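Participant: Quick one: the structure is below, questions incoming.
Each reported figure results from applying straightforward, stated rules to the coordinates on display, with no laboratory input. Everything numeric here is computed off the predicted structure, so don't read it as measured data. Cβ atoms come from the backbone with ideal geometry, glycine included; neighbour counts cover every protein chain shown.
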Amino acid sequence: MSKELIIITAIFIVLISFLFIPKKETIEVPVIYQINGPNIDNIIRNYKPKFLIIDYSKDGSDEKKFTHNEINKLKNLNIIPLAYLSIGEAEDYRFYWDENWYDNPPKWLDSENPRWPGNYKVKYWYDEWKNIIFDYLDKIIDQGFMGVYIDLVDSYKFWAENGYDIESTASEMIKFVIEIAEYARKKNPVFLIVPQNAEDILEYDYNDKYLNTISGLGVESLFYKKTNKRSEKYVNNRLKYILRVRNSGKFVLVTDYIYNQKNPNKDIIFDFINLCNKYGFYGYPANINRKLNDISGALKYYKINEVKK
């Protein structure tokens, strides 16, 4: 056999072997929430979430922001990509951060959050901050995201605990979220607005404008605080607002941080999945460390749960 024929035969064998390698099945899951270091190709290779919450950037920087084509990959698979957006704190690794702010902060920039270094409370009712967020929105919309997942809406409580009237802080936050929606929907009329937590701000939504503006709601640690099940009283106190959102035709995304990689408790995971199904919520059983820097290993239990049924 000639050398050329041997090479051709080897190539043919390799190609045939690829044809007979079974394609890895993706796991259909309700939602994935990963804001630190997301890899779109890795996600779609292994999972098919209905909703995907990611940062607008691979590492938070403007240099590593996702391209329009990368976001289109998700939409072409009928995955709804939502960009994480913090509106109650400024982050010192973002494109808008000015190094001079460390020593000479603007009047709307407050103290650093001791629990999350690099994050600084903002007086979100200032126009200077709002304009930064609108610039941020421009980037997100240009990338092709279908909506934003808005964090730190509950900052209205922080300011109410620090000398401001809660009626005023809640009103200003409601106003800001509505302004974000109006700004975005001038460019994309069906742009999704999904606040995280702060469901009790509905107490101050006297004309239902906030409720009618948002597209859905994200909540954290609803049924479990780590691996400890929440009390019935706690859950019901939150559900009275959350179900009001759901019953108005909006979707609800629930992230409970329950997956211990070293010692997973499948009973807790199945209970979380079943509770979300009971209420018609989209659930994500996240890693217990709350860092959201890798995809939870608990997602495999969605496939197992389908088999159990």
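Participant: Identify the trypsin sites (Lys or Arg not before Pro) of the range 237-293 meeting these criteria: DSSP loop state and at most 13 other C-beta atoms within 10 Å of the C-beta.
Facilitator: LYS262, ARG290, LYS291
Participant: Ranked by Cβ crowding within 10 angstrom, fewest neighbours first, how are SER171, SER111 ordered?
Facilitator: By the 10 Å Cβ count, ascending, the order reads SER111, SER171.
Participant: Taking the Cα atoms only, what angle lies between the long axis of helix 127-143 and the longest principal axis of the chain, rounded to 10 degrees?
Facilitator: The answer is roughly 20 degrees.
Participant: Sticking with this structure for a sec: Straight-line reach from LYS130: which aspartates and glutamates fall under 17 Å, measuring Cα to Cα and dropping same-chain residues less than 8 apart?
Facilitator: GLU89, GLU91, ASP92, ASP98, ASP110, ASP138, ASP151, ASP154, GLU172, GLU179, GLU182
Participant: Where in the range 189-252 are there chymotrypsin sites (Phe, Trp or Tyr not before Pro) that are in a DSSP coil and have at most 14 other Cβ atoms within 10 angstrom of their Cβ? Mind showing how you got there, number by number?
Facilitator: Values: sites: PHE191, TYR204, TYR206, TYR210, PHE223, TYR224, TYR234, TYR241, PHE251; in loops: PHE191, TYR206, PHE223.
Sparse-neighbourhood loop chymotrypsin sites (Phe, Trp or Tyr not before Pro): TYR206.
Participant: Taking a 21 Å limit on the Cα-Cα distance, which of the listed pairs LYS157/LYS250; LYS58/LYS123; LYS64/LYS121; LYS121/LYS291; LYS58/LYS139 fall beyond it? Display every interim value, and only then the final one.
Facilitator: Working: LYS157/LYS250 24 Å; LYS58/LYS123 28 Å; LYS64/LYS121 25 Å; LYS121/LYS291 19 Å; LYS58/LYS139 14 Å.
Check vs 21 Å cut-off fails for LYS157/LYS250; LYS58/LYS123; LYS64/LYS121.
Participant: May I ask which of LYS48/LYS226; LYS107/LYS187; LYS75/LYS187; LYS229/LYS266 have a Cα-Cα span longer than 21 Å here?
Facilitator: LYS48/LYS226; LYS107/LYS187
Participant: Averaging sequence separations of C-alpha pairs under 8 Å and six or more residues apart, then dividing by the length of the range 30-308, give the relative contact order as a whole percent.
Facilitator: Value for the range 30-308: 16 percent.
Participant: Sort the chain into rounded, prolate or oblate with this rule: let a ≥ b ≥ c be the square roots of the eigenvalues of the Cα gyration tensor; rounded if a/c is under 1.5, and if a/c is not under 1.5, prolate when a/b is larger than b/c, oblate otherwise.
Facilitator: Prolate shape, in that a/c is at least 1.5 and a/b is the bigger ratio.
Participant: Any chance you could give the angle, 0 to 90 degrees and rounded to 10, that helix 232-247 forms with the longest Cα principal axis of the chain?
Facilitator: Between helix and principal axis, roughly 80 degrees.
Participant: Taking the Cα centre of the chain as origin, work out the dipole magnitude from +1 charges on Lys and Arg Cβ and -1 charges on Asp and Glu Cβ, in debye rounded to 20.
Facilitator: Working: 43 positive and 42 negative charges, 375 e Å.
Approximately 1800 debye in magnitude.
Participant: For helix 166-187, what angle does its Cα long axis make with the longest principal axis of the chain, in degrees from 0 to 90 and rounded to 10?
Facilitator: Roughly 50 degrees between the two axes.
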